[in-house]
């Protein structure tokens with residue numbers, strides 16, 4: 001069984017992944033902004049074994065919270081061999097943005113790019129001890145092609161995909177395998193305002209959780225770097 005850090009687990013895809021992997025017997029350490037969001041859910045700390053389930057305060061814009069989370073996890077779990085990056089935000093900043101929107105661009109950069117970068121850096125010495133560590137990153141199809149006018153979001157996801165490639169290169173000889181999961185529309189809160197595409201035809205969060213579970217079972221020789229998920233026709237892959 002693995003010892004896993006998961007970001008963005010209070011809702012949506014991260015929550016689905018955390019619940020599935022917890023049921024499968026893995027040791028799970030969650031990093032969330034608001035611990036209260038987990039009360040009376042399957043991820044409520046009171047309902048789980050504190051030796052194999054931890055909840056830590058984590059803010060992707062606060063680099064110190066990342067380091068504290070990693071140290072707290074290692075103190076209990078003794079090691080970390082998997083990171084699953086699910087935290088992310090959507091800003092609708094266009095190419096020709098207003099002056100006051102510069103803060104939105106800075107925030108999306110901090111959360112979508114620097115957050116995964118800093119957490120991976122802080123945990124690197126520990127995942128390097130395993131010869132079969134895994135880093136799974138929820139990127140998005142927006143990291144493969146720019147569609148529409150969401151300049152800041154696509155910019156952050158393209159950068160995140162580049163970061164995934166460098167993680168793979170740096171960790172390959174240490175047995176660290178990286179997978180970038182790139183879905184289109186996923187039926188989560190982020191897509192609740194999308195009316196032109198039926199929710200039941202979108203990729204579902206539980207399906208991505210199943211993919212993550214399968215990735216953790218694969219040997220080093222068979223882990224895909226990229227998993228692109230199509231709920232509608234995409235021609236980039």
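The values are calculated or read from the model by the stated rules, or taken from the named source; none is laboratory data. Values in this document were obtained by computation on a predicted structure and should not be read as measured data. Methodologically, a virtual Cβ is constructed for each residue, glycine included, from the backbone with ideal geometry; neighbour enumeration extends over all protein chains shown.
Listed here are the residues, each with its yes/no results for (1) crowded, with 16+ Cβ neighbours inside 10 Å; (2) modelled with pLDDT under 95.
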| position | (1), (2) |
| --- | --- |
| 15 | yes, no |
| 24 | no, no |
| 27 | yes, no |
| 34 | no, yes |
| 49 | no, no |
| 69 | yes, no |
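Reported count of residues in the range 137-154, each being surrounded by 14 or more Cβ atoms within 10 Å (Cβ to Cβ) and free of Cβ contacts under 8 Å to residues at least 24 places away in the same chain, is 3. Could you tell me whether the range 90-109 includes any residue that is closer than 23 Å to residue 234 by Cβ, in contact (Cβ under 8 Å) with a residue 24 or more places away in the chain and in contact with a strand residue (DSSP E or B) (Cβ under 8 Å, 6 or more places away or on another chain)? No; the residues of the range 90-109 include none that is closer than 23 Å to residue 234 by Cβ, in contact (Cβ under 8 Å) with a residue 24 or more places away in the chain and in contact with a strand residue (DSSP E or B) (Cβ under 8 Å, 6 or more places away or on another chain). All conditions in (1) in contact with a strand residue (DSSP E or B) (Cβ under 9 Å, 6 or more places away or on another chain); (2) under 28 Å from residue 204 (Cβ atoms); (3) buried (at least 21 other Cβ atoms within 10 Å of the Cβ); (4) touching a residue at least 40 places away in the same chain (Cβ under 8 Å) hold for residue 123, with the sole exception of (2). Each residue in the range 31-42 was checked for being in contact (Cβ under 8 Å) with a residue 24 or more places away in the chain and touching a helix residue (DSSP H, G or I) at 6+ places or on another chain (Cβ under 6 Å), and 1 of them qualify.
Exactly one residue out of 164, 231 is surrounded by 14 or more Cβ atoms within 10 Å (Cβ to Cβ), touching a residue at least 60 places away in the same chain (Cβ under 8 Å) and in contact with a strand residue (DSSP E or B) (Cβ under 6 Å, 6 or more places away or on another chain), and it is 164. So, residue 25, is that one out of contact with any helix residue (DSSP H, G or I) (no Cβ under 7 Å at 6 or more places or on another chain) and closer than 24 Å to residue 219 by Cβ or not? Against the criterion (out of contact with any helix residue (DSSP H, G or I) (no Cβ under 7 Å at 6 or more places or on another chain) and closer than 24 Å to residue 219 by Cβ), residue 25 qualifies.
For the range 1-13, how many residues are surrounded by fewer than 22 Cβ atoms within 10 Å (Cβ to Cβ) and out of contact with any strand residue (DSSP E or B) (no Cβ under 6 Å at 6 or more places or on another chain)? Residues that pass the stated criteria total 3.
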